[in-house]
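Every number here is computed from the coordinates shown, using simple stated rules; none is lab data. For clarity, every value in this text was computed on a predicted model and none was experimentally measured. Ideal geometry is used to build each Cβ from the backbone, glycine not excepted, and the neighbour counts take in all protein chains shown.
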Amino acid sequence: MTTHVASVEAGTPFKEVAELLVRRGVSAVPVLGADGRVAGVVSEADLLRKEEFREQYYGEGYRPRLRARLRRRLAGRGEDGQEKAEAATAAELMSAPAVTVSPDASTVTAAQLMDTHGVKRLVVVDGDGRVIGIVSRRDLLKAYVRDDAELKRWVEETIPEQARWNDRTGIVVQVQNGIVTLSGYTSTRTEAEAAVHMTKGLGGVVDVRESLVWERDDRLELPLIWDRS
């Protein structure tokens with residue numbers, strides 16, 4: 001995430017919001033309420049509603065295309081843009097509520113939230129709802145340019161110690177072009193499956209291939225039933 005976040009207050013004028021976006025080279029800013037918590041987000045698209053609807057001032061009765069209206073509705077934004085075209089402050093421009101994410105959320109969760117809500121960025125907030133950063137699509141893509149050696153170390157640190165180093169060889173991690181290969185031995189099938197699952201959940205992993213062998217298939221073991229009689 002980006003931690004040096006530009007923000008505006010609810011009463012910030014339209015022109016100041018536009019100037020801030022241009023000056024900071026960002027595509028959106030969070031809008032903070034009086035309590036310092038995130039109230040919404042203003043993006044370039046919100047500001048450009050004024051240009052989009054400018055034709056109406058010349059008597060042409062513009063209305064967004066059906067495809068655009070459906071896309072906004074599916075993303076939970078039922079407005080047609082005309083109200084934002086008439087907006088003069090950040091509070092009138094913003095999309096609310098803001099789509100937020102916690103700092104310890106995985107990149108997978110962040111990507112799913114962006115797709116579900118049809119947004120290009122998420123506001124990262126602490127437990128009190130205050131801004132600590134912004135994560136964008138580009139930030140998520142940065143994970144995939146991680147060096148293979150660095151990704152290998154990350155995978156090895158993530159897999160539990162008992163699964164990586166048991167009485168036999170343990171799990172061997174190899175990475176090439178972001179593709180992780182897990183081979184070797186684990187004590188149980190559950191440990192092998194857990195290692196694969198954890199690896200797949202790491203940001204920057206393109207794919208996981210495995211050829212693990214386990215000593216004991218604990219998935220087939222039946223629980224003990226104690227005779228209480």
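Taking 41 Å as R0, compute the FRET efficiency from the Cβ-Cβ separation of A88 and V145 and round it to 0.05. E(calc), rounded to 0.05, equals 0.50.
Could you give the length gained on full extension between Q112 and D35, defined as 0.36 nm per residue of separation minus the Cα-Cα distance, in nm? Can you show the working numbers first?
Values: separation 77, 0.36 × 77 = 27.72 nm, distance 2.89 nm.
Answer, rounded to one decimal: 24.8 nm.
In this rough spin-label picture, where each label sits 7 Å from Cα along the Cβ direction, the R219-S102 distance is 3.0 nm.
So what's the convex hull volume per residue for the Cα atoms of region 146-219, in Å³? Provide the component values of the computation, followed by the final result.
Details: hull volume 5.3 nm³, N = 74.
That works out to 72 Å³ per residue.
Between R138 and V22, the contour length at 0.36 nm per residue exceeds the Cα-Cα span by 39.9 nm.
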